[in-house]
Amino acid sequence: MELMAKIAFGVYTLIILCGGILAVAAKSLVRAMVGLIATLLGVAGMYMLLNSPFMAFMQILIYVGAVCVLIFFAVMLTRADAGGEEAESAPLRQNTLALLAVTVVGGVLSWLVLTHPVAGTGVPVEVSIEKLGLGLLGPYGLAFELISVVLLVAMAGAVLLAWERRNGK
Amino acid sequence: MSPLTLYQLVALLLLALGLFGICQRRSLVGMLICVELMLNGAGLSIMAAAQLTPANAVLGQLATLFAMGLAAAEATLVLAIIIVVARRFGTTKTSAVTTLKG
């Protein structure tokens, strides 16, 4: 990596780390969501570093634009404000078990990553949007159609679940 | 350390943060935020593996795109479930939603 790329990588890693810690540890859910947005932007920066600005744009469009707004709706609709659910700290047993889970999973995976390094090419390949579009219409067309069906079903299911009956109940 | 290893470690960091959060959060919305963190780690990992190895880069980018779409669908459904739970129990604390507990 060049020097600038290294600096940018460090900055993005720092953004991801701080945002992630805020998202996990903040007492207020709105603050946690701000942390999540910072993390998502950091990951978008990583995509830029990986030479794929289209994916960075999609990350910002889908995650920051759609998913975060959905989560904000969830926060507002359930009135989970600052004095609400996350105000008191978690019991010690829950924290210990969470730490144990992270240690086991993170330990095994980082051991795997560090002991079995894949000799990758140092320079990220460039993929044009035309190639992505041809892939979506050609060999991966079925997956593309399936994901649209999944999105449609999810949308219809969400409307059905949250439907409030006017009469009766 | 190769760049690929560094990217995988950052993805692992996201996974660890999300996993810790999902075990430790006590409201459904907090857990949803942590699930999004983990899905982002998965996307970053796929993306790094696609761009920095001789593997098929188009397939990797499209896989990340599909993971984003699935995350959006999942967030929609979880939002609906949270609304139903909040309507029925009056709260989204996970400790309060224990009807099945004997």
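The values are calculated or read from the model by the stated rules, or taken from the named source; none is laboratory data. Here the structure is a predicted model, which is why all the values come from computation and not from measurement. Positions of Cβ are backbone-derived with ideal geometry, glycine not excepted, and every protein chain shown enters the neighbour counts. Surface accessibility is based on the protein's heavy atoms, side chains included, excluding ligands, DNA and RNA. Shrake-Rupley method; radii C 1.70, N 1.55, O 1.52, S 1.80 Å.
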Quick check: residue separation of B:Phe89 and B:Ala55 times 0.36 nm, minus the Cα distance between them. What number comes out in nm? 7.3 nm
Enumerate lysine pairs in the protein assembly as shown that are 8 or more residues apart or on different chains, then count those whose Cα atoms are under 26 Å apart. 4
Sum -39500 (n - 2.57) across every DSSP H segment of at least 4 residues in chain A, then divide by the residue count to get the 222 nm mean residue ellipticity, nearest 500. -22500 deg cm²/dmol
Ordering A:Met58, A:Met76 by accessible area with a probe of 1.4 Å, largest first, what comes out? A:Met76, A:Met58
When you look at the Cβ of every residue in A:91-98, what mean number of other chain Cβ atoms sits within 10 Å? 3
Unit charges at the beta carbon, dipole of chain B: most positive-side option, B:Leu17, B:Thr53, B:Thr94: B:Thr94
Using a Förster distance of 30 angstrom, determine the FRET efficiency expected from the C-beta separation of A:Leu134 and A:Met155, and round it to 0.05. 0.60
Interface B/A, total buried accessible area with a 1.4 Å probe, nearest 100 Å²? 6700 Å²
What accessible area per residue, rounded to a whole number of Å², is obtained for segment A:1-82 using a probe radius of 1.4 Å? 47 Å²
Under the 7 Å Cα-to-Cβ spin-label approximation, A:Leu92 and A:Val118 lie apart by a distance in nanometres of 4.3 nm
Per residue of A:34-44, other chain Cβ atoms within 10 Å number on average 3
Please compute the average number of Cβ atoms from other chains found within 10 Å of each residue's Cβ in peptide A:56-65. 3
Which percent of Cα pairs goes in each bin when the distances of segment A:1-60 are cut into 10 angstrom slices starting at zero? 27, 44, 24, 5
Working out 0.36 nm times the residue gap between A:Val30 and A:Val105, then minus their Cα-Cα distance, what length gain in nm do you get to one decimal? 24.2 nm
With 0.36 nm assigned to each residue of separation and the Cα-Cα distance removed, A:Leu146 to A:Ile21 gains 41.5 nm
